[in-house]
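Have a look at the structure below before the remarks.
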Amino acid sequence: MTETEALIVPDARAARHRHRRYLYRDGKIAYWLLLPAVVLLAIFVIWPAIYAAYLSFHDWSFYKAPEFVGWRNYANVLTDPLFWAAIGRGFVFVAMTVPPMLLLAFGFSSLVVAVSRHFASTLKVSIYLPTIISTVITSIIFVVIYDYSGGLLNAFLGLFGIDPVAWLGDPKWALLAIAIPAIWLGMGLTSLIMVAAMIDIPTEYYEAAAMEGANWWQKTFFITIPQMKNIILYLLVTGFVAAIQQLDLPLVMTQGGPLDSTTLPNLFIFNHFTNDVNVGYSIAAALLLFVVLGTVSALIFRFVNSERLVD
């Protein structure tokens, strides 16, 4: 080994030692920064979930100590036709809200991207306003709109000679009547996420397509939608989870009626929790709903493949 090599080797070892020391220090700082979030997660999420699973195997109420009953609560839920009817109604509600919301948000986002920057800012503010309105206030507004005798909707239909409709009193229309404000509430955030995704698409793709003579439809189907695949998948999953767990709108607008036509899964569980002495049944139903949500979300990810874009 030459004299120069003899000097280089210790320097290289010292550099590696400093690098490992800095990595250890950075990793230690990262763990300390994560600690508060982990502690809060354990206190407010992990431990309540574990305790809820424990109580689901017990006959328990606020007035007596838990009594172990095994799988009886789960068997009662799984054999309850009202529970499965609520789950099925939840899927119908998802079909009523998520696809129209995604289509409307996509069209609105395309408009925002196409207009001038000043007008686009106005459009974004206007579409986001419903998001900051309380769900309870929105429910009251739409109850007034749907009112049979003095509602704005029936008054408008009366201009065309159409008889008044009991939007919230007819099982045929009640779920649709709740789906419309749900779409209105969810469009704001969905549209802004889509706008951000569209702006992120390189303009060179559209310029190259325009040089080949592509029209708006061709650019949309062959450039915009493929480039937004991951965003659409995210919005599809989050929209499904939010829609099937909707509680405030049916609770305030119809209380689950008429004839349970708007009793969605969370409202079904809420009614049991407030009216049933055995709280274990409600907890078991909630955990089974969690299994349904996780299974469907996994199937969406499985069949709608999410791939990272490669430039």
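Things worth noting here:
- Contact order, relative form, for segment 145-275: 23 percent (alpha carbon pairs under 8 Å, 6 or more residues apart, mean separation divided by residue count).
- Each of ASP276, ASP248 was scored by other Cβ atoms within 10 Å of its Cβ. Arranged with the fewest first, they read ASP276, ASP248.
- Descending semi-axes in Å of the chain, equivalent ellipsoid built from Cα gyration tensor: 46, 36, 17
- Paramagnetic reach from ASP200 (point 7 Å along Cα→Cβ, amide N under 17 Å) across segment 88-130: 106, 109-110, 113
- Label-zone membership for segment 271-301, site PHE62, 7 angstrom Cα→C-beta point, backbone N under 17 Å: 271-283
- Note: relative contact order over segment 229-298, using C-alpha pairs below 8 Å and six or more positions apart, is 23 percent.
- Annotation: amide H-H contacts under 5 Å for ASP59 (H modelled 1.01 Å from N, sequence separation of 5 or more, or interchain): GLU67, PHE68, VAL69.
- Reachable lysines, given that their alpha-carbon falls under 30 Å from the alpha-carbon of LYS124 and they are not under 8 places away in the same chain: LYS219, LYS229
- Two-site FRET efficiency, GLN227 against SER134, from Cβ-Cβ distance with R₀ of 22 Å, rounded to 0.05: 0.05
- Ranked for footprinting exposure by Cβ neighbours inside 10 Å, fewest first, LYS124, LYS172 give LYS172, LYS124.
- The chain, relative contact order [Cα under 8 Å, separation at least 6], %: 25
- Ordered by the count of other Cβ atoms within 10 Å of each Cβ, fewest first, THR238, THR262, THR138 give THR238, THR138, THR262.
- Across the chain, the longest run free of exposed loop sites, meaning GluC sites (Glu not before Pro) lying outside DSSP classes H, G, I, E and B with no more than 16 other Cβ atoms within 10 Å, spans 1-211.
- Within a Gaussian network of the chain (alpha carbon springs, distance under 10 Å), most fluctuating of ILE225, ILE183, ILE50: ILE50
- Set of segment 201-218 residues, backbone N closer than 17 Å to the point 7 Å along the Cα-Cβ line of LEU123: 201, 216-217
- Springs join every pair of Cα atoms under 10 Å in this Gaussian network model of the chain, and among GLY88, GLY239, GLY158 the largest mean-square fluctuation is at GLY158.
- The angle between the Cα long axis of helix 117-128 and the main principal axis of the chain comes to about 50°, on a 0 to 90 degree scale.
Coordinate-derived values only; no laboratory data. Since the model is a prediction, treat every value here as computed from it, not as a measurement. Cβ: placed from backbone, ideal geometry, glycine included. Neighbour counts: every protein chain shown.
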